[in-house]
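Before any comments, here is the structure.
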Amino acid sequence: MPLHKGPRNADGGDYFDDFDDVSDREGGGVFGGGLGRTEFESLKERVGPGGITVGMQCRRCGKDAAAEISWYELYVIGSNGPNIRPLLPEGWARSDNNMAAYPVLQHQGCGGPICPMFTPDEAREAIGRAVQAGYVTQDQLQQWREAVARYRGGG
């Protein structure tokens with residue numbers, strides 16, 4: 001069953017001809033605008049003893065912004081899974097669309113949203129890397145495990 005039904009207009013433009021125009025912030029297909037290819041590929045993570053700093057661009061003004069995510073916050077996010085009531089760090093929200101958690105932060109300049117998202121799988125992977133790098137100890141993991149269990153009523 002073909003989905004393409006020919007040109008969408010008389011001058012021969014196809015249904016996807018706007019994908020390549022990344023400079024058009026109002027159009028440009030899925031790769032244009034404030035969340036387009038340029039910004040997506042420029043997302044930067046810096047890993048350190050305290051956690052991950054995510055460098056991104058503000059969704060409102062497009063200027064650089066950063067969000068610092070602690071190892072504990074990532075551990076809490078990673079504790080979530082199927083058939084478990086979601087647990088979020090203080091000041092975080094959850095997207096039901098992709099089951100990811102994000103901090104509710106605002107850009108210092110314009111007040112626009114800064115929303116780096118982490119799924120439970122991504123958070124668990126980050127914690128695993130932190131343990132291997134020596135940023136998180138087994139004692140910390142045990143304390144965090146107990147805190148999560150207490151919050152969920154299991155300890």
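The values are calculated or read from the model by the stated rules, or taken from the named source; none is laboratory data. What you see is a predicted model; the values in this text were computed from it and never measured. Glycine gets a Cβ as well: all are built from the backbone with ideal geometry, and neighbour counts include every protein chain shown.
This table checks each residue for (1) surrounded by 15 or more Cβ atoms within 10 Å (Cβ to Cβ); (2) within 12 Å of the chain's Cα centre (by Cα); (3) touching a residue at least 40 places away in the same chain (Cβ under 8 Å).
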position: Leu74; (1), (2), (3): yes, yes, yes
position: Gly78; (1), (2), (3): yes, no, yes
position: Asn98; (1), (2), (3): no, yes, no
position: His107; (1), (2), (3): yes, no, yes
position: Cys115; (1), (2), (3): yes, yes, yes
position: Phe118; (1), (2), (3): yes, yes, yes
position: Ala123; (1), (2), (3): yes, yes, yes
position: Ile127; (1), (2), (3): yes, no, yes
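I'd like the full set of residues that are small (Gly, Ala, Ser) and not in a loop (DSSP other than H, G, I, E, B), limited to the range 93-114.
Once the filter is applied, which keeps residues that are small (Gly, Ala, Ser) and not in a loop (DSSP other than H, G, I, E, B), the range 93-114 yields Ala93, Ser95, Ala100, Ala101.
Right, Leu87: modelled with pLDDT of 85 or more, in contact with a helix residue (DSSP H, G or I) (Cβ under 7 Å, 6 or more places away or on another chain) and in a loop (DSSP other than H, G, I, E, B) or not?
For Leu87, the condition - modelled with pLDDT of 85 or more, in contact with a helix residue (DSSP H, G or I) (Cβ under 7 Å, 6 or more places away or on another chain) and in a loop (DSSP other than H, G, I, E, B) - is met.
Would you mind finding the one in Arg37, Arg46, Arg94, Arg60 that is modelled with pLDDT of 90 or more and either small (Gly, Ala, Ser) or farther than 21 Å from Gln142 by Cα (or both)?
One residue alone meets the criteria, Arg94.
Please go through the range 80-91 and pick out each residue that is exposed (fewer than 15 other Cβ atoms within 10 Å of the Cβ) and closer than 18 Å to Val136 by Cα.
Within the range 80-91, no residue meets the criteria.
Given the criteria surrounded by 15 or more Cβ atoms within 10 Å (Cβ to Cβ), out of contact with any Leu (no Cβ under 9 Å at 6 or more places or on another chain) and β-branched (Val, Ile, Thr), does Thr137 qualify?
no
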